[in-house]
Amino acid sequence: MKLFVTATDTNAGKTYVTRLILEAFKSSGRDAVGFKPICCGTREDSHALLSVSAEGLTLDEINPVWLKTPASPYAASLIENRLLNMESVMEAYHVLTHRFDHIMVEGVGGWEVPFAPQYTAADFAQELDLPVLVVVNNKLGALNHTILTVRDILSRNMKCAGIVLNHVSDERDNASISNRRIIEDMLEVPVIGEVMHGETSGSELLEGILNG
């Protein structure tokens, strides 16, 4: 299984959900790897993916491009005067595909975050030609972001493997309670599951993705 993980916004919980799924792979005795092609700001997310990926990998194999500025890749590359070499990123991905059957590719921020002029995270995902898992910060305002993201994925003739509602906060409100029902009514894409605040198991998510 190879999957691209995107989100409705930054800090929606992409890394948290990806890590849960990778841990579920490991618990089932299957090697899997997380791939963070571009990381901006701290490298904390890349370290998190490395910690639950198959053994024998380096941080640079998990995360080939590290921009130290906490901004979009395009903005960070301008600030640091670095040109993103997407060919080397694709090469790093293909190296992993020769070694592992299960790869979770984690995007940067939301679906249309700019990487370069006229080139976004969505364009990169389309080049990879992978099914897309959408992680949603389940809160007020999530419906608009989710519908826009999923519809753009489908408009590119890409497969949306499903939606994960992530409860970033422990507090619940009317929006977080009703969002799932409305998303299921609005979109013909499965809601794979909900990740409650502090959730430590991704087995149901993995099962939902594999059976989807």
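Each reported figure results from applying straightforward, stated rules to the coordinates on display, with no laboratory input. All of these numbers come straight from a predicted model, not from anything done at the bench. As a convention, Cβ positions derive from the backbone with ideal geometry for all residues, glycine included, and neighbour counts pool all protein chains shown.
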What list of ³J(HN,Hα) couplings, whole Hz, do you get for the range 195-200 from phi and the Karplus terms 6.51, -1.76, 1.60, once you set θ to phi - 60° and write x for glycine and proline?
9, 6, 4, x, 4, 10
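Run the numbers on the chain and let me know its relative contact order in percent, using alpha-carbon pairs under 8 Å that are six or more apart.
Details: 405 pairs, mean separation 55.7, N = 212.
After rounding, I find 26 percent.
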Output ³J(HN,Hα) for the range 59-76: one whole-Hz value per residue in order, computed from phi by the Karplus curve 6.51 cos²θ - 1.76 cosθ + 1.60 with θ = phi - 60°, and x for Gly and Pro.
5, 5, 6, 6, 9, x, 10, 10, 9, 7, 7, x, 7, 5, x, 5, 4, 5
Non-local amide H neighbours of CYS160 (under 5 Å, H modeled in plane, Pro and chain starts lacking H): which ones?
VAL132
What are the lysines whose alpha-carbon lies under 26 Å from the alpha-carbon of LYS26, with same-chain residues fewer than 8 places away excluded?
LYS2, LYS14, LYS36, LYS159
Most mobile of VAL168, VAL135, VAL95 per a Gaussian network model of the chain (Cα springs, under 10 Å)?
VAL95
Of the DSSP beta bridges with both residues in the chain, give the percent that are antiparallel, rounding to the nearest 5.
5 percent
Cut-off 18 Å, label point 7 angstrom out along Cα-to-Cβ of GLN126: give me the residues of the range 24-52 whose amide nitrogen falls inside.
none
Considering the chain as a Gaussian network with a 10 Å cut-off on Cα pairs, which listed residue, LEU148, LEU67, LEU96, attains the greatest mean-square fluctuation?
LEU148
Want the number for THR69 to GLU44: 0.36 nm per residue separation, take away the alpha-carbon distance, what's left?
7.7 nm
Using the Cβ atoms and a cut-off under 15 Å, what net charge is assigned to the surroundings of ALA142, where Lys and Arg are +1 and Asp and Glu are -1?
0
Amide H of VAL5: which non-local residues (sequence gap of 5 or more, or other chain) have their own amide H closer than 5 Å, using H built in the peptide plane?
VAL105, GLU106, GLY107, LEU133
Looking at ASN81, SER203, TYR93, which one has the Cα that reaches farthest to the positive end of the dipole of the range 2-210 (charges on Cβ: Lys, Arg +1; Asp, Glu -1)?
ASN81
With a 10 Å cut-off between alpha carbons and a GNM built on the chain, which of ALA121, ALA76, ALA175 moves the most?
ALA175
Name the residues whose placed amide hydrogens come within less than 5 Å of the amide hydrogen of TYR119, ignoring near sequence neighbours (fewer than 5 apart) on the same chain.
none
For the range 21-34, Karplus couplings with θ = phi - 60° (6.51, -1.76, 1.60), whole Hz, Gly/Pro x:
5, 5, 5, 5, 4, 4, 5, 8, x, 10, 6, 9, 9, x
If only Cα atoms are counted, what is the Rg of the chain, and what is its Dmax, in Å?
16.2, 46
